[in-house]
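Notes to accompany the following structure.
The values are calculated or read from the model by the stated rules, or taken from the named source; none is laboratory data. All values derive from a computational prediction rather than experimental measurement. Methodologically, a virtual Cβ is constructed for each residue, glycine included, from the backbone with ideal geometry; neighbour enumeration extends over all protein chains shown.
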Amino acid sequence: MFADIVFNRPIPPLTYGIPSGMNLKPGMRVRVDLRNSETSGIVYRLLEHTDCSYTKSIKEVLDSEPVINEDLMITAEWMAHYYLCSIGESLWTVIPKGIRKRNKIIAPETPLGQGDEFDLTPEQEKVFQTLKRAVDENRGDRFLLYGVTGSGKTEIYLRIIHEVIKRGEGAILLVPEISLTPQTVRYFSRRVGDELAILHSRLTPAEKINEWYRILSGKKRIVIGARSAVFAPLGNIGMIIIDEEHETSYKSEETPRYNAKSVAFYRAKRHNASLILGSATPSIESYYHAKLKGLHLLHLPHRVLNQKLPKASISDLRKVRGGTFIAAPLFTAIEKRLQREEQVILFLNRRGFSPHVYCESCGHVFRCKHCDITLTYHKKDRNLSCHYCGYVETPPDLCPNCGAETISFSGFGTEKIERVLKDHFPGAITVRMDRDTVRKRGSLAQILNAFSKRQIDILIGTQIVSKGLHFPNVTLVGVLNADIPLNFPDFRSAERTFNLITQVSGRAGRSEKGGAVIIQTYNPAHYAIQTAKNQDYEEFFTREIKFRQALVYPPFCRIIRLVFRGTDPDALLASGERAATFIRERFDEYISLLGPTHCPLSRIKNNYRVHLILKVRETASVKKALGELQELMRSKGEGYMEIDIDPISML
């Protein structure tokens, strides 16, 4: 007997002999000799015969039972085909990174109590009954649940999942960030108890293993987690829900560059399960397909308990003086909330103290030695840091270029805003929540718990504060620089700007106290900012879809992005030119071929980057040519080419 073994590498399955007496099944992990190095692999399939004249034997079996089921094996095959990667790379993505040899530890579970149910509003009841009919009739329908912030989407998720569980099926709820997981888990735990499993990157290896095997064995039938939870090994899926479906974090930036939304569509179809995409700011593509009846559109236009959306105003940063980076209207509004013992959230999508460090005498800018990016000054750590590769250096007293003592720190990040607020409001408890302050395990939950108990007056944060958090005592949200995402060279810049402002604005006014939002911007007339101020998604969609159609961007085309990485930028451009010629000669149905040209971020981690952007009507017909191109480049040793199907970032 023989077995095809796959590895987390861009190579096809390799055949190995099965020693006598070794019990082996597809989905088990083994240790084998690969290129004179002992390596872990996954059993892909068993063979009675092989055409290979010589095969090595498997050294060791690491599992007593398969760590993935047949359904996930088939899903991995689909991913490998769709995203043009090896089956090994796909399968190793499915398996949690925490699983190691023979460390399956099942810790005791603590049953959780049942919580109270809330009465649904008439709007919620209508949506719920529509979903319930789809589940009862086993139609496998796809829905877009478009509900304003605070409209009670989570309660509907919980109710419909309960219906699915009653039918003996399982459900997956994806959230875009682990910051949302604690609140969502607490909400669900009170109602569903020990049926619930959690899968996300902040779990310890032992916790991941516990949850994975409980799901695989059928002990857990409800799974909540971030992107990778879409691979939960449920045997009988009845419902998949993607909350905040517009979020870019559902897209992986590593091979295979899968989108959890696409994987969810595939798994739902395989199981004839219902699929719900939920958002207060649906992606342009999703809403467009709902308009065309490709998705069933469900709408929750009002908040629960007759709560009003917060009143928003715009503050023009061009008129700010004094270098505080916070305009007078926002300072005044914060002061009023503090006097009333209410809470404030301030959003700034830029961490650190100063994002731009330079010499005033000669203009020298401090840049990362490994990336095409400026270094950010972090005052607390007293270092200059690259947010792409992690390079760190100590800020010098003298300019390394001219020797002058004129080092200047310009711009502002969350750390500088924290300092400004602590100086201005010394009696208030001000806390910063960004990647720098939530590195330690449990720190994120600790901050959110303290904020929910009103032990924090002002919470400053990056995107982490904009998503799904529910704090009734928050009556003011300040957006400190709404223009940051607008400045990215990406066709989705306006959409990201609108989404971020709308989402973070939705954190305010979630009680009878009401709420207000102040949006600081250098570009107050931009339609993304104006429509976000008015919470007018329909108007934004109308403006944005015209732009997409005029320039033929999704949803009016599909995009494939080829990125060439290496140490020689001229050689990369030459590779890009050869790739463009290859595509033109073999495929004439594309809409346009842009490039090759240097990526906006032209160098990351000592690798230069050149990209080629292909617009097509559909991806299936061009994938064969791209697969041939991939093999040709490997055979000629032309360096690394990443293929990104339906890219989210163009940087």
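Residue by residue, here is whether (1) in contact (Cβ under 8 Å) with a residue 12 or more places away in the chain; (2) β-branched (Val, Ile, Thr); (3) in a helix (DSSP H, G or I) holds:
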{"position": "597", "(1), (2), (3)": "yes, yes, no"}
{"position": "600", "(1), (2), (3)": "yes, no, no"}
{"position": "609", "(1), (2), (3)": "yes, no, no"}
{"position": "613", "(1), (2), (3)": "yes, yes, no"}
{"position": "621", "(1), (2), (3)": "yes, no, yes"}
{"position": "633", "(1), (2), (3)": "yes, no, yes"}
{"position": "637", "(1), (2), (3)": "no, no, no"}
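Within the bounds of the stretch 177-193, is there any residue that is in a loop (DSSP other than H, G, I, E, B) and either among the polar types (S, T, N, Q) or outside the structural domain of residue 470 (by TED's automatic domain parsing) (or both)? Yes, the stretch 177-193 contains at least one residue that is in a loop (DSSP other than H, G, I, E, B) and either among the polar types (S, T, N, Q) or outside the structural domain of residue 470 (by TED's automatic domain parsing) (or both). For residue 42, the conditions (1) out of contact with any Gly (no Cβ under 6 Å at 6 or more places or on another chain); (2) over 30 Å from residue 560 (Cβ atoms); (3) of a type in the set (A, V, I, L, M); (4) part of a strand (DSSP E or B) are fulfilled apart from (2). Between 145, 234, the distinction of being in a loop (DSSP other than H, G, I, E, B), in contact with a strand residue (DSSP E or B) (Cβ under 7 Å, 6 or more places away or on another chain) and either under 22 Å from residue 501 (Cα atoms) or of a type outside the set (Phe, Trp, Tyr) (or both) belongs to 234 only.
Residue selection: residue 425 satisfies the criterion of being surrounded by 15 or more Cβ atoms within 10 Å (Cβ to Cβ), touching an Asp or Glu at 6+ places or on another chain (Cβ under 8 Å), at pLDDT 90 or above and not basic (Lys, Arg). Residue check: is residue 211 among the acidic types (Asp, Glu) and either crowded, with 23+ Cβ neighbours inside 10 Å or not assigned by TED's automatic domain parsing to the domain that holds residue 131 (or both)? When the stated conditions are applied, residue 211 passes them.
Sub-9 Å Cβ pairs linking a first residue in the stretch 113-137 that is closer than 13 Å to residue 274 by Cβ to a second residue that is modelled with pLDDT under 90 and charged (D, E, K, R), at least 6 apart or interchain, are 133/139, ordered by first then second residue.
The residues of the stretch 315-329 that are surrounded by 14 or more Cβ atoms within 10 Å (Cβ to Cβ) and either assigned to a loop (DSSP other than H, G, I, E, B) or at pLDDT 95 or above (or both), listed by number, are 320, 324, 325, 326, 327. Exactly one residue out of 442, 461 is surrounded by fewer than 18 Cβ atoms within 10 Å (Cβ to Cβ), within 23 Å of the chain's Cα centre (by Cα), closer than 30 Å to residue 337 by Cβ and not assigned by TED's automatic domain parsing to the domain that holds residue 598: that is 442. Residues that are assigned to a helix (DSSP H, G or I) and among the aromatic types (Phe, Trp, Tyr) within the stretch 571-595 comprise just one, 582. Before we move on, is residue 278 outside any loop (DSSP other than H, G, I, E, B) and within 30 Å of residue 476 (Cβ to Cβ)? In short, yes. Residues of the stretch 626-651 that are surrounded by 15 or more Cβ atoms within 10 Å (Cβ to Cβ) and either among the charged types (D, E, K, R) or farther than 28 Å from residue 603 by Cβ (or both): 638, 642, 644, 646. Filtered by the rule that a residue be among the hydroxyl-bearing types (Ser, Thr, Tyr) and assigned to a helix (DSSP H, G or I), the stretch 422-447 gives a lone residue, 443.
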